[in-house]
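Notes to accompany the following structure.
Only the coordinates and a few stated rules stand behind these numbers; no lab work does. Just so it is clear, the model here is predicted, and its values are computed rather than measured. Neighbour counts are summed over all protein chains in view; Cβ atoms, including those assigned to glycine, are modelled from backbone coordinates with ideal geometry.
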Amino acid sequence: MSSSSSPSVLLNTGVQMPLLGLGTYKLVGPEDVYQAVDAALAAGYRSFDSAAVYRNEADLGRVLKELLPKHGLTREDVFITSKLGPKDQGEGAMEGALHSLAQLDLGYIDLYLIHWPGTQGRVVTDQRNPGNRAESWAALEKLHVQGKLKAIGVSNYTPAHMRELIQSCKIPPALLQVEFHPRLCQTELRKVCEEYEVCFQAYSSLGKGELVTDPVVLEVSKNCERTPAQVLLRWAVQQGVPVLPKSSNPDRIKDNARLFDFTLSDTDMDRLSALDCEHKYCWDPSEVV
Ligand code: NAP
């Protein structure tokens, strides 16, 4: 799969973003990052999801500079996402984003997200949270205008956080990244994103690895002769939702990319969606004011 044929979605900036990206949470250290990125590029991944808090921006940038020529690729062939750490929310946002740019050292970042609606060290009900979010967004807007952050967006925002941002921003968010899998279908957030033309992106599609043993997922996997992970990822991309499976295992990285040569039947899609029980494997932003 070459970069040009990698299935993608159109962001509201006019740029295409690959539907498949490699999640990198817990991928740390130059050797592990090298091995995973090498396997991912070979398997056709052209998108990589990092964050300041993952502490791997510098390794990811260095490894890409080394590996892109090996795979016959250039900077423009890959799509790099990173995120502003919750400790930098508010007045530290400009410095935090510039730090991410310097750590990655790839000239620009394709997509930069506010990682979390709250602020590290403050309680979720702290009344300064909305002001801090607005200050962070204004910093991201400035860097977007300067061409350093090609697209800007948010992560872990609730419908209320999204409406607050849409009503106050100069530049609308290109994307919202949230937890999404058959046990957490995020119906309301998806409607908000559709209404405001914000791309909805999934994280923890495999339920941090726990969903691959769900009995319904296993049954569908048997029916279509695909792995449980492929079923979970296909369920999302078949709805047009971009995914970011994380693995440090080269065989799984390769297997998780085989999503675009099969289709789940409507019945199997419905059976998976019926698992929705608003279950979160990751952090829960619903109390953040
Ligand atoms: P995930 O992708 O749902 O699951 C990753 C886990 O599943 C790892 O333990 C991995 O183990 C295992 N796994 C991978 N492929 C597998 C397969 N084919 N069969 C069985 N197990 C498999 O979890 P996630 O890391 O939470 O989410 C993915 C990415 O989304 C993150 O890495 C990060 O980039 C992003 N994310 C963002 C946020 C946010 O707040 N914005 C939050 C969470 C995640 P091995 O490594 O051993 O294969």
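For the pair E91 and Q146, what calculated FRET efficiency results from E = 1/(1 + (r/R0)^6), where r is the Cβ-Cβ distance and R0 = 22 Å, to the nearest 0.05? Could the numbers behind the result be given before it?
On the way: r = 19 Å, r/R0 = 0.87.
Calculated transfer efficiency: 0.70.
Report the one residue of Q16, L64, N156 whose Cα lies farthest in the direction of the positive end of the charge dipole of the chain (charges on C-beta: Lys and Arg +1, Asp and Glu -1; origin at the Cα centre).
My answer, from the dipole projection, is L64.
What distance in nm separates the simple spin-label points at A134 and L218, each placed 7 Å from Cα in the Cβ direction?
Modelled inter-label distance: 5.2 nm.
Treat the count of other C-beta atoms within 10 Å as a stand-in for reagent exposure and order H181, H161, H144 from fewest to most. If you can, show how the numbers build up before the last one.
Numbers: H181 29, H161 23, H144 19.
Placing the least packed residue first, the sequence is H144, H161, H181.
So which residue, out of A43, A160, A139, gets the largest mean-square fluctuation from a GNM of the chain using Cα contacts under 10 Å as springs?
A160
From the cross-link list K148/K280; K150/K222; K65/K254; K87/K170; K87/K254; K70/K170, which pairs have alpha carbons spaced over 31 Å apart?
Details: K148/K280 33 Å; K150/K222 41 Å; K65/K254 21 Å; K87/K170 24 Å; K87/K254 35 Å; K70/K170 40 Å.
Distance filter (> 31 Å) returns K148/K280; K150/K222; K87/K254; K70/K170.
Would you please classify the overall shape of the range 34-159 from the alpha carbon gyration tensor, given that a ≥ b ≥ c denote the square roots of the eigenvalues, rounded means a/c under 1.5, and beyond that prolate means a/b larger than b/c while oblate covers the rest? Each step should come with its number before you reach the end.
Values: a/c = 2.48, a/b = 2.05, b/c = 1.21.
Prolate, since a/c reaches 1.5 and a/b exceeds b/c.
By how many nm would the segment from E210 to C169 lengthen if fully extended, with 0.36 nm per residue of separation less the alpha-carbon distance? Write out the running numbers ahead of the final one.
Details: separation 41, 0.36 × 41 = 14.76 nm, distance 3.74 nm.
My answer for the length gained is 11.0 nm.
With a 10 Å Cβ neighbour count serving as the proxy for reagent exposure, in which order, fewest first, do L73, L211 appear? Walk me through the numbers on the way to the answer.
Values: L73 16, L211 23.
Exposure proxy ranking, most exposed first: L73, L211.
Only counting other Cβ atoms within 10 Å, I'd like S204, S136, S8 sorted with the fewest neighbours first.
Working: S204 23, S136 27, S8 18.
Least crowded to most crowded, the residues run S8, S204, S136.
Whole-Hz Karplus ³J(HN,Hα) for the range 259-271, in order, using 6.51 cos²θ - 1.76 cosθ + 1.60 and θ = phi - 60°, x for Gly and Pro?
Calculated HN-Hα couplings, in order: 10, 10, 10, 7, 10, 8, 5, 4, 4, 5, 4, 5, 4 Hz.
State to the nearest 20 debye the size of the charge dipole of the range 168-272 about its Cα centre, where the only charges are +1 on K and R beta carbons and -1 on D and E beta carbons.
Numbers: 13 positive and 15 negative charges, 68 e Å.
Dipole magnitude for the range 168-272 comes out near 320 debye.
Using a Förster radius of 35 Å, what is the FRET efficiency between E31 and F262 based on their Cβ-Cβ separation? Nearest 0.05, please.
Values: r = 33 Å, r/R0 = 0.95.
The value I calculate is 0.55.
Round to a whole angstrom and tell me the spacing of the C-alpha centers of the range 87-164 and the range 190-250.
The distance from the Cα centre of the range 87-164 to that of the range 190-250 comes to 26 Å.
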